[in-house]
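Just passing along the structure, written as structure tokens.
Coordinate-derived values only; no laboratory data. Since this is a predicted model, take the numbers as computed values, not measurements. We place every Cβ from the backbone using ideal geometry, glycine too, and count neighbours over all the protein chains shown.
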Amino acid sequence: MKSFLAFLLAMGIIVALGDAYCFTKHYKPGKAYKGCMLNGKLYPLGHIERTEDCYRCDCSRTEMRCCSIFLTPIQYDKENCKVTLNKKSCTYDVVQKNDPSKECSPVARVG
């Protein structure tokens, strides 16, 4: 029974930390008749699997709903490390400030 409760607790924590960052952008009627604008780029109406900025979106004539597809680093050595978004892989790289070719660890992430 204790093992089952521990499993349920662990799954609850994973689900809570697994939520993606999401946002909604509302449009005035008739404003988004060709598609949705996000960071200066026009995306077509419908589902967008991946934007240039690593979001998964749904675009309608009234709103654009997007959620991140990357995990955001929250715990790392902020004094000696820096974070950069790798748009090719849609991941944040956490690297040493004085030598960006070396990764920092440990890193805790949420998404």
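Aspartates and glutamates near Lys87 by alpha-carbon distance under 18 Å, same-chain residues fewer than 8 away left out - which ones?
Counting by Cα, and skipping residues close in sequence, Lys87 has these aspartates and glutamates nearby: Glu49, Glu52, Asp53, Glu103.
Roughly how many nanometres apart are two label points built 7 Å out from the Cα toward the Cβ at Val83 and Gln96?
With each label point 7 Å from Cα toward Cβ, the separation is 2.1 nm.
On to the next question. In whole Hz, what ³J(HN,Hα) sequence does segment 54-68 give by Karplus (6.51, -1.76, 1.60; θ = phi - 60°), x for Gly and Pro?
6, 10, 9, 10, 10, 10, 10, 6, 10, 7, 10, 10, 9, 9, 5
By how many nm would the segment from Glu49 to Tyr21 lengthen if fully extended, with 0.36 nm per residue of separation less the alpha-carbon distance?
The span from Glu49 to Tyr21 would gain 8.5 nm if fully extended.
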